[in-house]
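FYI, it's all coordinate maths here, none of it is from the lab. None of these values were measured; they are calculated from a predicted model. Here the Cβ positions follow ideal geometry from the backbone for every residue, glycine too, while neighbour counts run over all protein chains shown.
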Amino acid sequence: MPFDIAGLIQIIALGAIPIAFAITLHEAAHGYAARYFGDTTAEQAGRISLNPLRHIDPVGTIAVPLLILVTSKLLGGGGMLFGWAKPVPVNFGRLRNPKRDMFWVAAAGPGANLFMALCWGLVLKLALLSPLTYFSAPLVRMAEIGIVINVILMILNLFPLPPLDGGRIAISLLPGRLAWRFAMLEPYGFIILLFLLFTGILGTILGPFRDAALSTLTVLFNLR
């Protein structure tokens, strides 16, 4: 099967805006939440911003997702799109109630992705209902990408492994000693995550949750 370079360029062009919003608002949400609960570290670092350039990591935001996308096109498979942005700095010790407030600061990122997935769902519904024009088909595709990328980011970040948001949430909810032991995984979390990704285990675990979330949005907006 020949490599569809035109299709890949189209996906990248249409996905640029949804991906930029997905990453930017996810990271900014952490900063806003941290500031609300007493930690101004992100604000002092200039990271509470809606400017995507402040959050983009050249490797994690561009190179790795592009590599996965190209590989999936070449192999004709799906796979779990994976990437990361520059993490917003949060000093949990400066929160008014560190263990409790950690939950809300961590949940703010996936919560922002859920909100954006709903917004793109509404855009998709309106685009499908509008008269067919030169712009309607690209808008439909852009909205579809927006839904998928935000659902993937939400599900991935809720995976209970520090330093992912799900790991922070788990630390916040676990009792003291158990939370401390679980937090000790953080230095190895990224290595574990990459192992799970490249062995296909991560996709196997998260795939059903991704599909359930997408199905729920399909029913919610009556997109069938």
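Sticking to Cα atoms, compute the Rg of the chain to one decimal and its Dmax as the biggest Cα-Cα distance, whole number, in Å.
Both quantities, over Cα of the chain: 18.3, 60 Å.
Dipole size in debye (nearest 20) for the chain around its Cα centre, Lys and Arg Cβ +1, Asp and Glu Cβ -1?
440 debye
Sorted from fewest to most neighbouring beta carbons within 10 Å, what does the list 171, 9 look like?
Fewest-to-most Cβ neighbours within 10 Å comes out as 9, 171.
Under a GNM of the chain (C-alpha, springs under 10 Å), which listed residue has the highest mean-square fluctuation: 29, 213, 13?
Maximum among the listed residues: 13.
Grab the DSSP H runs of the chain that are 4 residues or longer, score each as -39,500 (n - 2.57), total them, divide by all residues and round the 222 nm result to the nearest 500 deg cm²/dmol.
The helix contribution divided over the chain gives -22500 deg cm²/dmol.
From the residues 44, 190, 114, which one has its Cα farthest along the dipole of the chain in the positive direction, the dipole being from +1 and -1 charges on Cβ of Lys/Arg and Asp/Glu about the Cα centre?
Positive-most Cα among the choices belongs to 44.
When a/c reaches 1.5 or more, the comparison of a/b and b/c decides; with that in mind, is segment 87-138 rounded, prolate or oblate per its Cα gyration tensor?
prolate
Taking other Cβ within 10 Å of each residue's Cβ, how do 21, 115 sort, fewest first?
115, 21
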